[in-house]
Every structure is written in C-alpha cells, then in structure tokens.
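> This structure is in structure tokens; I'll ask about it shortly.
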C-alpha cells in the first residue's frame, strides 16, 4: 500500500510526537512493569484467553462468549498476521538500548499492531452483554499502547490496529450473536423510550 510523501511525513511526525510523549514516562519502574507485562500477556492473545476463561466461569451462558472470543482472536490473528501485514511491510521502530524486562521481538510487519487488533477484537466480543464491559476495553487500551511504550510499534500502527480490531469485533458480534444476549441497538431521538 502506498501513501503520498506528504501524508507519510505527517504520519512520521505524529509517530515521533507520540514517541516523545512516551519518553517522558519510560523508565518509571511501575509503568515499565505494567506495560512490559501487558505486552508479554498480549503475545498470542494470552490475556484474552485468560479473560475469556474468567468470563466463562460466571455462568453457563458465558461459555458461548468465551468460545466466540477465542475463535475470533484466532481468526483475527490469521487474517492480520498472514494477510494484512504482508500488504504493508512497515519497519518497526529502531531500539538498540537495554530493556528493563525481557520482551519477545516479532518478525512481522509493524502495521497494523497485532496486539492492538487482537485487543480490540477480543474486547468487543467479550464485552457483549457483560456488565464488566469497561474493564475489557481498559485492558485493551493498556495492551495496545504498551506496544508504543516498549518501542515495538509506532503510534500509527496501534491506531490502525485499534480500528481494524473494532471492525472485526463488530463483525464477529453480528455474524455470531450470543444466544439470549440483549442486542443493544442505538436509540434514536424521538423513538419510544428515548
């Protein structure tokens, strides 16, 4: 995929600005632990399998959400890592300095962030008909932005991954609705109950 030189410069300037903002908080021990841990748990969708299993333990109905999320994250991973990333072949940020914690170095293209994509796909699928839905999205945000913090992705990679993940999550919810789940329809002004 090609973007114009002007837009490429804009994206690079945006990425540099976000990276500079993260430089102000990098090296804080608690944040290092949080973001490196989130990044490691995001590898291969591990955090989403754990959260899905916890949701499944809530009730029998919730196992459907667990299975749907696991299948959704697996499908997302195949689609993004084997398909979408091969279209872009973007280089990852260069970082030669020491890291405060061990971190797996991926070999795929930088765009879009697979961690961000899986995070928002899983959050959309797990949050369906669950009162704890804000927690899934909070974890998704931490996992997604951890990739900028640990200098494995550019900020634009993360934003692209969030967008792709949100779309895939919505598609998954529509194609495979949970049995008995309340379908949340947006209310329109002037409609009954609004």
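Just so you know, all these numbers are worked out from the coordinates, no wet-lab data involved. From a predicted model like this one, the values you see are computed outputs, not experimental measurements. When we count neighbours, we look across all protein chains shown, and the Cβ atoms used for this are built from the backbone with ideal geometry, even at glycine.
> Of 160, 72, 180, which has the largest mean-square fluctuation in a 10 Å C-alpha GNM of the chain?
180
> Ok, one more. What angle do you read, to the nearest 10 degrees and between 0 and 90, between the alpha-carbon axis of helix 62-79 and the longest principal axis of the chain?
Long axis of 62-79 versus the principal axis of the chain: about 40 degrees.
> What is the list of residues in segment 1-33 whose amide nitrogen lies under 15 Å from a point 7 angstrom out from the Cα of residue 99, following Cα to Cβ?
Residues 27, 32-33 fall inside that zone.
> On C-alpha positions alone, give me the angle between the axis of helix 46-56 and the longest principal axis of the chain, in degrees, nearest 10.
It works out to around 10 degrees.
> Would you mind computing, in nm to one decimal, how far apart the modelled labels at residue 3 and residue 54 are, each placed 7 Å from Cα along Cα→Cβ?
Here the modelled spin labels are 3.4 nm apart.
> Could you identify which residue out of 91, 39, 127 has the top mean-square fluctuation in a GNM of the chain using Cα springs shorter than 10 Å?
So, out of 91, 39, 127, the one fluctuating most is 91.
> Mind checking the angle between helix 133-149 and the chain's longest principal axis? C-alpha axes, 0 to 90 degrees, to the nearest 10.
Tilt relative to the chain: about 10 degrees.
> Let me ask you something else. May I ask you to list the residues of segment 92-133 whose amide nitrogen lies under 14 Å from a point 7 Å from Cα along the Cα→beta-carbon direction of residue 163?
Under 14 Å, as judged by backbone N against the label point of residue 163, lie 111-113, 117 of segment 92-133.
> Related question: What whole number of Å gives the distance from the Cα centroid of segment 155-172 to the Cα centroid of segment 16-49?
Here the two parts' Cα centres lie 18 Å apart.
> P(r) tail for segment 33-175, what percent of Cα pairs lie past 24 Å? Spell out each step's value before the answer.
Values: 2674 of 10153 pairs.
Cα-Cα pairs of segment 33-175 separated by over 24 Å account for 26 percent.
> Of 78, 69, 122, which is the most mobile in a GNM of the chain whose springs link Cα atoms less than 10 angstrom apart?
78
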